[in-house]
Amino acid sequence: MFEIQQQMVEGKITARELVSTYIEHIKKFDGLLKAILVVNPDADKIATELDVERKEKGPRSRLHGIPVIVKDSIVTKDKMPTTGGTLALASFQSSKDAFLIAKLREAGAIILAKSNLQELSFGFATYSTVGGQTLNPYATERQPGGSSGGTAVAITANMGSVGIGEDTAGSIRVPAAHNSLVGIRPTVGLVSRTGVIPISPSRDTAGPITRTVADAAIVLDAIAGYDSLDPMTARCVGKIPESYADFLNKEGLREAKIGVARALFGTGTDEAIAVNGVIEKAIKAMNALGVSIVDPVEVPYLDEINDREKYAFEGHVEWKPAFNEFLKWAGPDAPLKSFKELAESDKVRTHVVRILGNALEAADPEDDIEYLRAIAIAQRKAELGVLQAIAENNLDALIYPAVQEPPAKIGEAQGGTITTGLGARARFPSITVPAGFTDDGLPVGIEFLARAFEEPRLIELAYAFEQGTQYRRPPNLP
């Protein structure tokens, strides 16, 4: 993005030309990949206005005139519906923006298009009744990961400059890993969720999906900040640096100390062995860049944290009240009146119906003391497990494969464990960075996990790793 801005400063390219280029890429590739649900019909007009503003006043920020792809669970007021991937919301045309979208516009970004997602963000395949099945550009017989798979595919196929995803358990980092991209799941409370279709407010967050760490840092600059309608963002006050881009340090790995969470590596399958081989090479490369590696590092309580029978997934209980609050925020624009109406709709994809039914029958969190106790214990143990692992070994971060196996074939379940759940449960920040490719040419991502609001250090580590390895390569599209 630094290069694009420099070209704009020098008059070599305009925002309008950039929009035109990306729309041509969408026309060329999206018939195959099915990443985009709708293109903003006003994008050309907005770009032209921003070009004029640049000439008269200069750029608002590094995002001035930059086209952004947005996951279609994030509300926009453009002439584009926000569907959440379900036909039950297909007519939802909002008259207002999600808080983070308003911040992007304020920074001068162009909302170019809305992207496909796993229906209602519940799953990792990126299939929806609105957009169908999104395909992986590196191997079109395979899934792109999810639930923000449409954003990831659009960015890796060069349909936009940068993207925005949403992450409850891994929905930014899994598709980033499967598409050789960078994905940041911020600390819960750094980025507002107002205007984002929710699942689990205790874990939901939005963040960047980009081709580079630098681009992710620039996007995070724009979207981070306090929002009075999302009280969780009060946690971030006083903890946001002047710019996350200030931490793009190529020497950031020198004298760093990083722990390898071996318990999060896959075992027992050829696919897991292939991913582990890629990660081992990445660890060796990291070591050569000046890192002190502690291997292995034990994360206390890990088995217990991942015991879903003991600690229920928050979304099953939080979804109903959170969605009802979202509908109140949406106001008269919302096509539904309640979560009950959504759960009983015949327009929702079959695989989501059972989960919706469970959520509908669950007691509200405020009334379910046993649930509140279980979830508080699980979150606390996740937080303490990560904190203790880092403190005991004096670490800057933990690392592990973002997904234990490569992207699954279309129609098959994702193999291995989605390891991104640890950071989500702890509500800590993590960043997934390209770690290389399997012998079959399938992308693998490595995840860095740190303590709350340590995004600056994570960006520093990830940038140094990215610049020192240059593992990412674009897909070979027809």
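Just so you know, all these numbers are worked out from the coordinates, no wet-lab data involved. A quick note: this is a predicted structure, and the numbers were derived from the prediction, not measured. Cβ placement follows ideal geometry from the backbone for every residue including glycine, while neighbour counts extend to all protein chains displayed.
Structure above, values below:
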{"quantity": "DSSP bridge orientation in the chain - percent antiparallel, rounded to nearest 5", "calculated": "70 percent"}
{"quantity": "Length added when fully stretched, T48-T267, from 0.36 nm per residue minus Cα-Cα", "calculated": "73.5 nm"}
{"quantity": "Theoretical ellipticity at 222 nm over the chain - DSSP helices of four or more residues, -39500 (n - 2.57) apiece, nearest 500", "calculated": "-11500 deg cm²/dmol"}
{"quantity": "Inter-label distance for N394 and E251, nm, one decimal - labels placed 7 Å from Cα along Cα-to-Cβ", "calculated": "2.1 nm"}
{"quantity": "Distance from segment 24-94 to segment 180-227 (C-alpha centre basis), Å", "calculated": "17 Å"}
{"quantity": "Partner lysines for K320 [C-alpha distance under 16 Å; skip if fewer than 8 residues away on the same chain]", "calculated": "K328, K337, K340"}
{"quantity": "Relative contact order computed over segment 2-469 (Cα-Cα under 8 Å; 6+ residues apart), in percent", "calculated": "17 percent"}
{"quantity": "Entries of K257/K281; K71/K96; K77/K239; K284/K409; K71/K103 with Cα pairs more than 24 Å apart", "calculated": "K77/K239; K284/K409"}
{"quantity": "Listed values [x] 25, 58, 16, 0; [y] 16, 34, 30, 16, 5, 0; [z] 26, 61, 13, 0, entry calculated as P(r) over Cα pairs in 20 Å bins from 0, in percent", "calculated": "[z]"}
{"quantity": "Length released on extending from E56 to T21, taking residue separation times 0.36 nm less the Cα-Cα span", "calculated": "10.2 nm"}
{"quantity": "Label-point separation in nm, E370 to E106, each point 7 Å along Cα→Cβ", "calculated": "4.5 nm"}
{"quantity": "Chain lengthening between Q6 and L384 when straightened (0.36 nm per residue, less Cα-Cα)", "calculated": "131.7 nm"}
{"quantity": "Sites E280 and W329 - FRET efficiency at Förster radius 41 Å, r taken between beta-carbons, to 0.05", "calculated": "0.30"}
{"quantity": "Under 14 Å from K381, Cα to Cα: aspartates and glutamates that are on another chain or at least 8 residues apart", "calculated": "E298, D303, E304, D307"}
{"quantity": "For the chain, the longest site-free run once GluC sites (Glu not before Pro) in DSSP loop states with at most 12 other Cβ atoms within 10 Å are removed", "calculated": "11-140"}
